[in-house]
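The values are calculated or read from the model by the stated rules, or taken from the named source; none is laboratory data. The structure displayed is predicted, hence computed values, not measured ones. We place every Cβ from the backbone using ideal geometry, glycine too, and count neighbours over all the protein chains shown.
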Amino acid sequence: MKFNQDIIAKSEKTSLQKFLSEQSFWVTISLAIICFVMYFVEDAFSSKDNIYNIARNFSFIGIMAISMTLVIITAGIDLSVGSIMGLTGIICGLFLDAQYLPQWYAQSAFYESNYVWVGIVAALLAGIILGAVNGYLIAYLNLSPFVVTLGMMAIARSLAIVISNNKMFYEFGPKDEIFFEIGGGQFLGLANVTWLLIFLTILMGLVLKYTAYGRHVYAVGSNKKAAELAGINVRWIEMSVYILSGFFAAIAAVMIVSWMGSVTNGLGYTYELRVIAATVIGGANLMGGVGGTYGAFIGAALMETIRNSLLMAGIDPNWQGTFLGIFIIAAVWLEKVKNKKS
């Protein structure tokens, strides 16, 4: 009897104890320490412009990391997000640059009035379709997520080169200022893309915590067989997270293209590594069943802050990968230690 009481006492945690045990909390502490140190080491670090740049730069990765979190919660992985970002960015640029479109369409009244939104919608639909292909092959044909998304990574990157004919798109029509304002504008001192990241972090966090869909995502990642026995449509849940991954990659593509004012087929190259790193550092468990959108947000913020701090400190940029790798390994190790204690 005493043994059972001890187990119950150990399994029950207060809200504070649960908060302190979250990896995302300690990542937040690490971020605060780095900012505190850099405040005294380099005056320019705490300048308004630098904080603005850091927040904007990690927002593109953060948006993709949110959907990657859902994928990893289901014990999956998506290696194609960077290539999907590149391909959807090219598709967006293609629809905005009239010289590459059929003449009858480019000269139509519809195009002149709506071409900005047509380009954005085309990119988002492409992201959804590519994600759906990944999801279908993984969920309904039972293929390995690693292999499928690795293949899609190669396919999407190749298609980006073919469609773009290895050219840069930078002429975005007579209403390009509307498009540039979407990703390049700001509100209350933060870039539009940062506000979008905050909104998506809160929205998807609420979805995961308070909706049946969110509970099903966690259930599939925790125990797929048990989820099936509970009546959950496991295949649809698995497919849907990859659709979301492609969709969010396309959102990030539209935002970064409208900020840069141009796009090449190299957009998003190696971004999948940064996205997965942000997700894992934020507390998502590659074995599935664990993760949250705040972790994706703070993981992306920590990565960009480290990169910015190294540059400010005058450290060779080639060392960035080493520091990032150390944080990834440390995050996985901490997760393993926590699981053993549990």
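Quick one: L244 ticks every box in (1) surrounded by fewer than 17 Cβ atoms within 10 Å (Cβ to Cβ); (2) of a type in the set (A, V, I, L, M); (3) within 22 Å of L200 (Cβ to Cβ) bar one, so which box is it? For L244, the exception is condition (1). Just one of the numbered conditions (1) in contact with a strand residue (DSSP E or B) (Cβ under 7 Å, 6 or more places away or on another chain); (2) at pLDDT 90 or above is not true of V147: (1).
Candidates in the stretch 225-235 are the residues that are in contact with a helix residue (DSSP H, G or I) (Cβ under 6 Å, 6 or more places away or on another chain) and assigned to a helix (DSSP H, G or I); of these, the one that is surrounded by the fewest Cβ atoms within 10 Å (Cβ to Cβ) is E228.
In the condition set (1) surrounded by fewer than 22 Cβ atoms within 10 Å (Cβ to Cβ); (2) of a type in the set (A, V, I, L, M); (3) touching a Lys or Arg at 6+ places or on another chain (Cβ under 7 Å), I198 is compliant with all but (3).
Screening L79 against (1) among the hydrophobic types (A, V, I, L, M, F, W, C); (2) at pLDDT 90 or above; (3) surrounded by fewer than 24 Cβ atoms within 10 Å (Cβ to Cβ); (4) in a helix (DSSP H, G or I) leaves a single unmet condition, (4). Out of the residues in the stretch 265-294 that are β-branched (V, I, T) and not in a helix (DSSP H, G or I), which is nearest to A123 (Cα to Cα)? Selected residue: T270. If you go through the stretch 87-102 one residue at a time, do you hit one that is more than 24 Å from I63 (Cβ to Cβ), touching a Leu at 6+ places or on another chain (Cβ under 7 Å), at pLDDT below 95 and part of a helix (DSSP H, G or I)? Checked the stretch 87-102: at least one residue is more than 24 Å from I63 (Cβ to Cβ), touching a Leu at 6+ places or on another chain (Cβ under 7 Å), at pLDDT below 95 and part of a helix (DSSP H, G or I). For the stretch 215-235, a tally of residues being within 21 Å of the chain's Cα centre (by Cα) and in contact (Cβ under 8 Å) with a residue 40 or more places away in the chain returns 4. Do you know which of the residues in the stretch 257-276 that are buried (at least 24 other Cβ atoms within 10 Å of the Cβ) and of a type in the set (G, A, S) is nearest to the chain's Cα centre (by Cα)? The extreme case among them is G268.
Total residues in the stretch 181-195 satisfying the condition of being surrounded by fewer than 17 Cβ atoms within 10 Å (Cβ to Cβ) and in a helix (DSSP H, G or I): the figure is 2.
Residues that are more than 14 Å from the chain's Cα centre (by Cα) and either modelled with pLDDT under 90 or not aliphatic (A, V, I, L, M) (or both) do not occur anywhere in the stretch 243-256. Of all residues in the stretch 150-178, those being of a type in the set (S, T, N, Q), surrounded by fewer than 17 Cβ atoms within 10 Å (Cβ to Cβ) and either touching a Cys at 6+ places or on another chain (Cβ under 8 Å) or on the phi < 0 side of the Ramachandran plot (or both) number 1. Selection of the stretch 130-149 for residues being exposed (fewer than 15 other Cβ atoms within 10 Å of the Cβ) and either in contact (Cβ under 8 Å) with a residue 12 or more places away in the chain or of a type in the set (S, T, Y) (or both) yields Y140, S144, F146. Of all the numbered requirements in (1) out of contact with any Phe, Trp or Tyr (no Cβ under 6 Å at 6 or more places or on another chain); (2) among the charged types (D, E, K, R); (3) surrounded by 19 or more Cβ atoms within 10 Å (Cβ to Cβ); (4) under 30 Å from D49 (Cα atoms), E238 misses one, and that requirement is (4).
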